[in-house]
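**Student:** First the structure, which I've put down as structure tokens, then a few questions once you've had a look.
The values are calculated or read from the model by the stated rules, or taken from the named source; none is laboratory data. None of these values were measured; they are calculated from a predicted model. Here Cβ is always computed from backbone atoms with ideal geometry, including for glycine, and neighbour counts include all displayed protein chains.
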Amino acid sequence: MLTLEIITPQRSLLTVSCNSVTVPGKMGQFEILPGHASLIAEVSTGMLSFTVPEATPELEPFGSKESGFRVMVAEGFAEVANDRVRVLCDAAALPSEVKASSEEDMVIQLKERMTAATEDAHKEYKRLGAKIETALAHL
């Protein structure tokens, strides 16, 4: 059994016992099972999923158990040691917290701002790109 923790600067989103965790990594998606070797890996913006051994009513906002529970995570790091998976990320959201129409509007607005950014504004361009990636992951 694994213990999964998802932590953002704003809140501790989740601490749960689970069978497996699938993380969107910078080098590709990877799965963590009990007994996994210790590691630290970069997390990409995307969907983190996990499976639990039995019905857990407090996890209903995380989605359907049939396909595993899912959480959107933004960039950060995953630490695995002693059957504990700790994901420290810039942001995370439950499926129930995401409103598709507002995310689509945000993507359109951010793309317009990105198009207007000059080459001198490289940092702004990268920041807007990261926000677009996060909004698309929400969708």
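**Student:** Spot the failing condition for Glu66; the list is (1) touching a strand residue (DSSP E or B) at 6+ places or on another chain (Cβ under 9 Å); (2) modelled with pLDDT under 90; (3) under 16 Å from Asn19 (Cα atoms), and only one is missed.
**Tutor:** (1)
**Student:** Name the one entry in Glu54, Glu79, Glu60 that is among the acidic types (Asp, Glu) and either modelled with pLDDT of 90 or more or closer than 25 Å to Glu133 by Cβ (or both).
**Tutor:** Glu79
**Student:** While we're on this one: Within the stretch 34-51, count every residue that is in a loop (DSSP other than H, G, I, E, B) and modelled with pLDDT of 95 or more.
**Tutor:** The number of residues fulfilling the criteria is 5.
**Student:** Pick from the stretch 22-51 the residues that are over 18 Å from Ala91 (Cα atoms) and surrounded by 14 or more Cβ atoms within 10 Å (Cβ to Cβ): which of them is farthest from the chain's Cα centre (by Cα)?
**Tutor:** Among those residues, the one meeting the criterion is His36.
**Student:** Another question, then. Looking only at residues that are in contact (Cβ under 8 Å) with a residue 60 or more places away in the chain and assigned to a strand (DSSP E or B) in the stretch 1-13, which one is nearest to the chain's Cα centre (by Cα)?
**Tutor:** Taking the candidates together, the pick is Ile6.
**Student:** Right, another one. With of a type outside the set (Val, Ile, Thr) and at pLDDT below 70 as the only criterion, which of Met72, Met106 stands out?
**Tutor:** The match here is Met106.
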